[in-house]
Amino acid sequence: MGGIDLSIIMSLTAVAMVAGFFDAIAGGGGLITLPALLIAGIDPLAALATNKLQAASATVSATVAFARKGIIEWRSGWPMAIMALCGGAFGALSVSLVPRAALETIVPILLIAVAIYFALTPKLDNDQKKAKISLLVFSMTIAPLVGFYDGVFGPGVGSFFMVGFVLLMGQGILRAVSNSKLLNASSNIGALIIFSIKGTIILPIALCMAAGAFIGAQLGARCAVRFGPRIIKPLLIIVCCVMAAKLLLNPGN
């Protein structure tokens with residue numbers, strides 16, 4: 001595989017499978033895969049690009065799994081997905097222009113807020129509530145903004161989409177998870193297109209990790225459908241807190 005140690009590729013593929021499982025349920029897969037790529041000695045920019053391909057595979061896999069269960073409503077989903085894709089592409093183009101230090105300071109606070117919101121919400125079920133904003137407003141604001149953030153930085157993007165669907169669109173937790181995967185897949189693809197043009201993806205590693213992430217996400221999505229709020233809520237709270245802690249403990253932050 002182009003001089004790359006096979007044991008490293010196999011290890012990263014296994015890591016991607018585990019990350020894909022958790023990502024399909026609560027997000028945060030990049031919390032596992034990106035450090036693994038850096039530990040393997042991959043250049044930071046190449047690691048970011050390579051990670052985006054496997055992340056796209058995981059979110060597309062989860063989206064397909066949820067779609068097969070009939071949970072995703074494509075008629076309302078496509079406009080949001082297109083705007084998230086555009087946001088992800090613009091974010092990847094702007095990655096060197098947005099101050100990373102500011103994101104590393106603000107994002108942990110937002111993640112803790114998301115965890116507190118879901119922890120204090122007494123009942124998370126699959127019932128649809130009254131939406132606070134229209135689909136058009138959500139598609140034109142939240143979808144591209146969170147998508148842009150995904151292209152620039154990324155940690156917690158699935159959680160941010162999810163809280164948007166629950167809090168602003170009044171969606172039940174399972175539908176919110178499935179729609180967040182659809183939009184996350186779209187923003188990942190948008191960013192991936194830009195990274196591919198720049199040619200920074202290490203394909204042998206990325207393709208193997210993508211296969212592992214695809215399998216893991218299929219299993220995670222099936223668990224989410226089977227167990228619903230019982231598994232989604234606690235995992236979401238844990239993942240948000242762990243991501244926040246990781247960013248806060250970064251020596252450069």
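The values are calculated or read from the model by the stated rules, or taken from the named source; none is laboratory data. As the structure is a computational prediction, the values presented were derived from the model and not from experiment. Because the Cβ atoms are built from the backbone with ideal geometry, glycine has one as well, and the counts that use them run over all protein chains shown. Heads up: the accessible areas ignore ligands, DNA and RNA and are worked out on the full protein's heavy atoms, side chains in. Shrake-Rupley method; radii C 1.70, N 1.55, O 1.52, S 1.80 Å.
Indicate the helices, whole DSSP H runs only, in the chain that combine a mean Kyte-Doolittle hydropathy of 0.0 or more with a Cα extent along their long axis of 27 angstrom or more. Please list the in-between numbers first.
Working: long enough: 6-26 (30 Å, 1.99); 44-68 (36 Å, 0.72); 74-93 (29 Å, 0.90); 100-120 (30 Å, 1.99); 173-198 (37 Å, 0.88); 203-227 (35 Å, 1.38); 229-248 (28 Å, 1.83).
Those that pass (Cα extent of 27 Å or more, hydropathy at least 0.0) are 6-26, 44-68, 74-93, 100-120, 173-198, 203-227, 229-248.
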## Note on the structure
With no solvent term and unit scatterers on the alpha-carbon positions of segment 53-101, Debye gives log₁₀ I(q)/I(0) at q = 0.19, 0.24, 0.28 Å⁻¹ of -0.77, -0.98, -1.08
#### Entry: When each of 69/233; 130/233; 132/198 is checked by Cα-Cα distance, pairs over 30 Å
132/198
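Per residue, how much accessible surface does the chain expose to a 1.4 Å probe? Answer in Å², no decimals. It would help to have the intermediate numbers written out before the result.
Values: 11190 Å² over 253 residues.
With the other protein chains kept in place, the chain gives 44 Å² per residue.
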### Summary
Rounded to a whole %, the carbon-and-sulfur portion of the accessible area of the chain at a 1.4 Å probe is 73
### Global form of segment 92-140, assessed from the alpha-carbon gyration tensor, a/c cut-off 1.5
oblate
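Please say if segment 119-253 is rounded, prolate or oblate, where rounded means a/c under 1.5 for a ≥ b ≥ c the square roots of the C-alpha gyration tensor eigenvalues, and otherwise the choice is prolate for a/b larger than b/c and oblate otherwise?
On the way: a/c = 1.55, a/b = 1.41, b/c = 1.10.
Verdict is prolate for segment 119-253.
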#### Entry: C-alpha center-to-center spacing [segment 1-39, segment 173-191] in angstrom
20
## Note on the structure
Of the candidates 173, 249, 238, the farthest towards the positive dipole end of the chain (Lys/Arg Cβ +1, Asp/Glu Cβ -1, centred on the Cα centre) is 173
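What is the sum of charges, Lys and Arg at +1 and Asp and Glu at -1, for the other residues whose Cβ falls under 15 Å from the Cβ of residue 203? Write out the running numbers ahead of the final one.
Values: positive: 52, 198; negative: 43.
For residues surrounding residue 203, the net value is +1.
Once you have a ≥ b ≥ c as the square roots of the Cα gyration tensor eigenvalues for segment 186-249, tell me rounded if a/c is under 1.5, and otherwise prolate or oblate according to whether a/b is larger than b/c. Provide the component values of the computation, followed by the final result.
Details: a/c = 2.46, a/b = 1.51, b/c = 1.63.
Oblate shape, in that a/c is at least 1.5 and b/c is the bigger or equal ratio.
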## Note on the structure
Counting only residues 5 or more apart in sequence or on a different chain, those whose built amide H sits under 5 Å from that of residue 202 are 50
### Message
Based on alpha-carbon centroids, what's the gap between segment 231-253 and segment 72-97 in Å, whole number please?
### Response
24
